[in-house]
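The structure appears below as structure tokens.
Just so it is clear, none of the values below were taken in a lab; they were calculated from the coordinates. Just so we're clear, the structure is a prediction, and the values are computed from it rather than from any experiment. Ideal geometry is used to build each Cβ from the backbone, glycine not excepted, and the neighbour counts take in all protein chains shown.
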Amino acid sequence: MILINKKFKTLKDLNSRIFEEILSLIEVKKSSHLILSGGNSPRYLFESIAQNKKYFNEATFLMSDERVVDIEDPSSNEGEFIRLSNISNDNLISLRDKEIIQKLNNISSYEIAILGMGEDGHFASIFPDCINTSSALNSQNKIVSFEDKHLDYPRISLSLNEILKAEKIILIASSKRKQSILRDQKDLPIHHLLQRSSNKLSIFNCD
């Protein structure tokens, strides 16, 4: 049985709590490194960052995953974050960067990782039943590409090993279906995350 740590009435309330946690980290270490999820779940969080931009001048952001599309495309996680947060490109490490591996090598740890999940049990862009799923979950690689034909877009994802460099992880489970998946005894990618990060993982949920 997976313990759902914190329950919120609305997704906006959930994001407000995440923002408070991030801000408390920034107050201690202005040059924090932060992993953020794409998708609909963190939109309120991105808007809160925009409204409090002055606190994040020295912070470095990194998306957990990215679709391989033009950054101006509405489907781009990095583009959506920049548009909603109004953060400078200089504060974002792009997964598209040709020097991405070296830049990740220079980061010894992340202060926090905010992750979403899908109703198929994926997190970041680590989907079940893909050619590189095992590599993303078990290898020492920092990033992994997913180009399987059944995906809507080719994707780039941080590996589980890279995500586990975070000192604290918050997983957003924003529906009853997702909460049910967390309690299943299956071998989906999300269960690998739960098993390997239980000492630093908080699950935030709302219906």
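Structural remarks
- Search result, residues across segment 193-207 that are assigned to a helix (DSSP H, G or I), touching a residue at least 60 places away in the same chain (Cβ under 8 Å) and either surrounded by fewer than 20 Cβ atoms within 10 Å (Cβ to Cβ) or charged (D, E, K, R) (or both): 194
- Selected residue (only one of 83, 67, 43 is within 26 Å of residue 205 (Cα to Cα) and touching a strand residue (DSSP E or B) at 6+ places or on another chain (Cβ under 8 Å)): 67
- Selected residue [surrounded by fewer than 19 Cβ atoms within 10 Å (Cβ to Cβ), under 18 Å from the mean Cα position of the chain (by Cα) and closer than 25 Å to residue 202 by Cα] from 20, 27, 78: 20
- One residue alone among 87, 114, 71 is farther than 22 Å from residue 164 by Cβ, within 18 Å of the chain's Cα centre (by Cα), of a type in the set (A, V, I, L, M) and crowded, with 19+ Cβ neighbours inside 10 Å, and that residue is 87.
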